[in-house]
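The values are calculated or read from the model by the stated rules, or taken from the named source; none is laboratory data. Quantities reported herein were computed from a predicted structural model and do not represent experimental measurements. Here the Cβ positions follow ideal geometry from the backbone for every residue, glycine too, while neighbour counts run over all protein chains shown.
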Amino acid sequence: MDRKFLVIIAVIILGFAGLVIFQKNSEPPIDVIRSNNVTGKLDSKVTLTEYVDFQCEACAAFYPTVEAVKAEYKDRVKFQVKYFPLGGGHQYSRLTASYAEAAARQGKFFEMQDLLFPNQKVWETGNTQEYMDRYAKEIGLDMTKVSTDVKSSSVSATINADLKEVREMGGTGTPTFALNNNRIDNPDNTVEAFAKLLDDALAKAGQ
């Protein structure tokens, strides 16, 4: 084959590859909306963060404990919930996280969470999408917006940002708890255990 012809072909291929790379790099980055599922005393110097997988049995087991702790410390501590869908055997973890974030964008994250954990054994057995839509309607969400949000790159980016954060913190399983951004190693599932952690942190913060 003529060498000049081969050079022309090579130039065309390189030019095409450069165009593809340029177009990819020229795409506007997704403006990540960070999760903001917070309650309690929002200006507290003490924040307890829980990274959850809604299909995780341990998360469901911790749920009533955390609710009791929130009720006791709501006037002194900021509580935050972030997403940690493990995937794998938890085949609906990502879907439920997406619905929770869609609810959050309509100001009703905690209302959705209060349906997901108590009903975990119901919706994970099948027809999960139908249950998610049912819960969304039950708490009064705009279903057109929900349908758009659960499939959006924006919601996916929010979940991914939480995943990156907890993994960088060293979290490997759910639930993972952090106190003022410091991971708590294997806390006991009791109100007393969390109370001690929070009391110590509040004392240290002078609150």
**OP:** Inspect region 21-30 for any residue being surrounded by 10 or more Cβ atoms within 10 Å (Cβ to Cβ), at pLDDT below 80, in a loop (DSSP other than H, G, I, E, B) and under 24 Å from the mean Cα position of the chain (by Cα) and give the result as yes or no.
**Re:** yes
Original post:
Which of the residues belonging to region 91-132 are farther than 17 Å from Val66 by Cα, in contact (Cβ under 8 Å) with a residue 24 or more places away in the chain and among the charged types (D, E, K, R)?
Top reply: Arg94, Glu101, Arg105, Lys108, Glu124
Original post:
Can Gln106 be described as touching a Leu at 6+ places or on another chain (Cβ under 7 Å), surrounded by 13 or more Cβ atoms within 10 Å (Cβ to Cβ), in the same structural domain as Glu50 (by TED's automatic domain parsing) and not basic (Lys, Arg)?
Top reply: yes
**OP:** Check Asp75, Asp114 and return the single one that is assigned by TED's automatic domain parsing to the domain that holds Phe194, at pLDDT 95 or above, in a helix (DSSP H, G or I) and not polar (S, T, N, Q).
**Re:** Asp114
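Tell me the helices (runs of 4 or more DSSP H) entirely within region 121-207 that contain at least 3 residues that are surrounded by 15 or more Cβ atoms within 10 Å (Cβ to Cβ).
Because the criterion is at least 3 residues that are surrounded by 15 or more Cβ atoms within 10 Å (Cβ to Cβ), the helices (runs of 4 or more DSSP H) in region 121-207 that meet it are 128-138, 153-168, 191-205.
Let's see how each residue does on (1) of a type in the set (A, V, I, L, M, F, W, C); (2) assigned by TED's automatic domain parsing to the domain that holds Lys164; (3) modelled with pLDDT of 95 or more:
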residue	(1), (2), (3)
Asp2	no, no, no
Leu6	yes, no, no
Ile9	yes, no, no
Ala17	yes, no, no
Leu42	yes, yes, yes
Tyr51	no, yes, yes
Phe54	yes, yes, yes
Glu57	no, yes, yes
Tyr63	no, yes, yes
**OP:** Determine if region 135-157 includes at least one residue that is assigned by TED's automatic domain parsing to the domain that holds Ser44, closer than 14 Å to Lys82 by Cα and touching a helix residue (DSSP H, G or I) at 6+ places or on another chain (Cβ under 6 Å).
**Re:** yes
**OP:** Taking the residues in region 174-207 that are in contact (Cβ under 8 Å) with a residue 12 or more places away in the chain, of a type outside the set (A, V, I, L, M) and in contact with a helix residue (DSSP H, G or I) (Cβ under 8 Å, 6 or more places away or on another chain) as candidates, determine which candidate is nearest to Thr47 (Cα to Cα).
**Re:** Asn180
Subject >> region 90-109: number of residues that are basic (Lys, Arg) and part of a helix (DSSP H, G or I) >> reply: 1
**OP:** Kindly indicate whether Ser35 is part of a loop (DSSP other than H, G, I, E, B), over 20 Å from the mean Cα position of the chain (by Cα) and crowded, with 18+ Cβ neighbours inside 10 Å.
**Re:** no
Subject >> Test for Leu115: is it crowded, with 18+ Cβ neighbours inside 10 Å and within 29 Å of Val77 (Cβ to Cβ) >> reply: yes
